[in-house]
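Here the structure is laid out as structure tokens; the discussion comes afterwards.
Since every read-out is calculated from the coordinates, none of them should be taken as a lab result. Every value quoted in this text rests on a predicted model; they were computed, and no experiment measured them. All Cβ positions, glycine included, derive from the backbone under ideal geometry; neighbour counts span all protein chains shown.
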Amino acid sequence: MKNSIKDNQVIIRFKALFFDWLFICAYLLLLFLIASVFYFVLFSGIPKFTNFQSQFIATISSVVPIITIFSVMEGKKNFATIGKRMANLKVQFKDQSMRRSIIRNTIKFLPWQFGHMSTINGIYNGFETFYSMLFFTLSMMISFILVLMVLVRKDKRHLADFIAGSRVVHNGGVQNARAF
């Protein structure tokens with residue numbers, strides 16, 4: 001019986017992750033449409049950017065807004081992203097502060113940022129360069145660690161939860177009575 005409860009917790013967490021992923025995809029699609037109109041109306045096409053400019057644009061237009069949106073959703077009154085709300089989950093912090101929410105979400109989205117850095121660097125300099133391989137490796141390692149921790153830990157906390165002093169709980173109460 002205990003294994004089925006643990007398995008159910010993992011399924012619920014991945015359900016929340018899936019719906020959050022759909023939200024991010026919708027945001028990125030909207031961003032793509034707005035950027036396309038902007039570039040083609042103002043510049044008659046996509047202008048040439050340097051590696052640094054592309055890195056900066058990708059970070060400022062996608063990663064930073066998503067970290068901000070998720071931090072506000074988890075750090076305010078309802079403490080849950082759209083996916084967590086749909087899965088009847090919320091984030092609980094040691095002491096409720098926006099700072100903890102920002103830390104948690106920055107760490108959660110760090111693999112995505114490293115993925116951007118790897119891809120953009122690869123486009124400009126070749127995918128076999130040291131930095132492309134380094135950022136790709138960091139992206140995969142951190143992603144693997146985050147997922148593995150949720151899969152194997154009894155309390156289902158991952159690295160971002162430990163550093164931010166948080167845990168994901170059922171909206172009606174705590175999933176696990178363990179302390180932070």
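Data for the structure
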{"quantity": "Contact order normalised by residue count of the chain, Cα under 8 Å, 6+ apart, percent", "calculated": "22 percent"}
{"quantity": "Within the chain: Cβ-based charge dipole about Cα centre, in debye rounded to nearest 20 (Lys, Arg +1; Asp, Glu -1)", "calculated": "900 debye"}
{"quantity": "Using a Förster distance of 25 Å, the FRET efficiency for VAL64-LEU42 (Cβ separation, nearest 0.05)", "calculated": "0.65"}
{"quantity": "Förster radius 30 Å - calculated FRET efficiency between VAL10 and LEU30 (Cβ-Cβ, nearest 0.05)", "calculated": "0.45"}
{"quantity": "For the chain, calculated [θ]222 nm from helices alone, where every DSSP H run of n ≥ 4 adds -39500 (n - 2.57)", "calculated": "-23000 deg cm²/dmol"}
{"quantity": "Neighbour-count ranking [beta-carbon atoms within 10 angstrom, fewest first] of MET149, MET73", "calculated": "MET149, MET73"}
{"quantity": "Net dipole in debye of the range 81-144 [+1 Lys, Arg Cβ; -1 Asp, Glu Cβ; about Cα centre; nearest 20]", "calculated": "580 debye"}
{"quantity": "Whole-angstrom gap from the range 98-150 to the range 76-96, using each part's C-alpha centre", "calculated": "24 Å"}
{"quantity": "Residue order, fewest to most beta carbons within 10 Å, for ILE142, ILE11", "calculated": "ILE11, ILE142"}
{"quantity": "Within a Gaussian network of the chain (alpha carbon springs, distance under 10 Å), most fluctuating of PRO65, PRO47, PRO111", "calculated": "PRO47"}
{"quantity": "Inter-site label distance for ASN125 and SER143 at 7 Å from Cα along Cβ, in nm", "calculated": "2.1 nm"}
